[in-house]
Amino acid sequence: MGKEPGLFDSALAQTLAYIHYLRESGEEFAPAAPKSEIPPAPGDDWTRLKNSVLGCVRCSELARTRKSVVFGSGNAKAKLMFIGEAPGFDEDQQGLPFVGKAGQLLTKIIEAMGLARQDVFIANVLKCRPPGNRNPLPEEIMNCKPYLLAQIGLIRPRVICALGNFAAQVLLQTDRTISQLRGKFYEFEGIKILPTYHPAYLLRNPADKKKVWEDMKLIMKELEA
Ligand code: URA
């Protein structure tokens, strides 16, 4: 397996430990405000995480310019997670991931796998839209990555499909390109990560849909095993 050791390991391990701490203490996830007499938010870890993400203002530009925080959608107990880069215009408008043109293609891919969007969990590295759909900044990735790792830690999917360079590089802590990374699994703590091309790239390069379908077949086989 091509797992690369690095920050991802300790970051996810630390996040899992943090989730454990939260579970024990009833603390808010990533508290933004100093401790007060206000009791911790009600609900389970997932609800607390979601509330923290929805109220996040770690990236001042994104918090100022967004219409919505796009937490992710689907089944919080999914065996399969898709992770993209960041919300675009349509996602920001609707507060849901992958609902624009690229999202419609992702939905078709999921359905071709015999699944529905509600069977999987769809998320992004960034939960807020970078203005003008610019690339995420390193600082924004650093701010938002703990949320993604917490989602992964709580869902514990069997397989993660990383869509495009950003998701693959952030998750695998590498600067190798998606063309170099795609087509095989990378394993971490029982979770298999399969990088493949982003659906927005496929809209511009439809000839590569065949390669993505090969990748999806690997995922389907893995989920059947
Ligand atoms: N592109 C992404 O990476 N994520 C979305 O949610 C939409 C488009």
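Spin-label model, Arg134 to Asp208: label points 7 Å out along the Cα-to-beta-carbon direction sit 2.4 nm apart.
Among the trypsin sites (Lys or Arg not before Pro) in region 40-139, those placed in a DSSP loop whose Cβ has at most 12 other Cβ atoms within 10 Å are Lys77, Arg134. Shape class of region 66-225 from the alpha-carbon gyration tensor: rounded, with the ratio a/c of largest to smallest axis under 1.5. Return, ordered by residue number, the residues of region 54-93 whose backbone nitrogen is under 19 Å from a label point located 7 Å along Cα→Cβ of Gln104. In region 54-93, the label zone of Gln104 (backbone N under 19 Å from the point 7 Å along Cα→Cβ) covers 87-93. As a calculated quantity, the FRET efficiency between Ala63 and Ala225 at R0 = 30 Å, using C-beta atoms, amounts to about 0.10.
Using the Karplus relation 6.51 cos²θ - 1.76 cosθ + 1.60 with θ = phi - 60°, the per-residue 3J(HN,Hα) values for region 132-148 come to x, 6, 5, 5, x, 8, x, 5, 5, 5, 4, 5, 8, 4, x, 5, 5 Hz, with x marking Gly and Pro. Residue order for Met216, Met81, fewest other beta carbons within 10 angstrom first, comes to Met216, Met81. Distances between placed amide hydrogens fall under 5 Å for Lys192 paired with Val159, Ile160, all partners being 5 or more residues away or on another chain. Counting Lys and Arg as +1 and Asp and Glu as -1 over every other residue whose Cβ lies under 13 Å from the Cβ of Arg58, the net charge comes to +1.
Take the Cβ atoms of Gln94 and Ala116, set R0 to 25 Å, and the FRET efficiency comes out at 0.90.
Across region 105-111, coupling constants 3J(HN,Hα) worked out from phi with the 6.51/-1.76/1.60 Karplus curve, θ = phi - 60°, read 5, 4, 4, 5, 4, 4, 5 Hz, and Gly and Pro carry x. Using C-alpha pairs under 8 Å with a sequence gap of at least 6, the mean separation divided by the residue count of region 103-220 gives a relative contact order of 23 percent.
Laboratory data are not the source of any read-out in this text; all were calculated from the coordinates shown. Bear in mind the structure is a predicted one, so any value in this text is a computation, not a measurement. As a convention, Cβ positions derive from the backbone with ideal geometry for all residues, glycine included, and neighbour counts pool all protein chains shown.
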